[in-house]
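Below: one structure, written as structure tokens.
What follows draws every value from the coordinates through simple rules; no lab data is involved. If you're wondering where the values come from, they're calculated on a predicted model, not measured in any experiment. Cβ placement follows ideal geometry from the backbone for every residue including glycine, while neighbour counts extend to all protein chains displayed.
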Amino acid sequence: MIPVLRATPDVTLKPAPGGFRILAALDAATKVLGRDLTLTAGANDHTSGRHPLGEAYDVRTRDLSTPELLRLVEFLGRVLGERFYVSYEVPARPQDAALAAIAVVNPDASGPHLHIQVRRGTEYPPFDTPPGQRA
């Protein structure tokens, strides 16, 4: 089996440069974990924030074990760096101590998922990119 990045049928991809960077990191993560990952939200389902700009994606976590999820969060944080935000978003605090340590509680979340975006207050690519090379 070759691990791949998949998307649910309703996911709309409209990646900006930061979104392409996130998708590349997620594709690399499939190889590191040795399993498929599934996007559950792109530009769809969100009317504000980074999603409609093509700079944020949500990833299904329900089929990941705790060690896989921890490894995924660590890998994405390391590969994407400080210009990106990686969070395990949950509607309620998890009972598992390891997951509780990385969880961001959002009562409006539809379920536990990984949220990755260009960090608020930053731009990707950075402003030091010459104007003619910006997207």
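Give me log10 I(q)/I(0) at q = 0.15, 0.19, 0.22 Å⁻¹ for the chain, Debye formula, one equal scatterer per alpha-carbon, no solvent.
-0.71, -1.13, -1.46
Please work out the C-alpha center-to-center distance from segment 63-110 to segment 1-17 and express it in whole Å.
19
Grab the DSSP H runs of the chain that are 4 residues or longer, score each as -39,500 (n - 2.57), total them, divide by all residues and round the 222 nm result to the nearest 500 deg cm²/dmol.
Taking each H run of at least 4 residues, the total per residue is -9000 deg cm²/dmol.
Under a 5 Å amide H to amide H cut-off, with H placed in plane at 1.01 Å, what residues pair with Arg119 once short-range neighbours are removed?
Phe84, Tyr85
For helix 66-80, report the angle its Cα long axis makes with the longest principal axis of the Cα atoms of the chain; keep it between 0 and 90° and round to the nearest 10°.
10
Once you keep just the Cα pairs under 8 angstrom separated by 6 or more residues, what percentage relative contact order results for segment 5-122?
RCO, segment 5-122: 26 percent.
How high is the FRET efficiency between Ala109 and Asp36 when r is their beta carbon distance and R₀ equals 35 Å, given to the nearest 0.05?
0.95
Thr12 to Ser65: extension gain in nm, 0.36 nm per residue of separation minus the Cα-Cα distance?
In short, 16.4 nm is gained.
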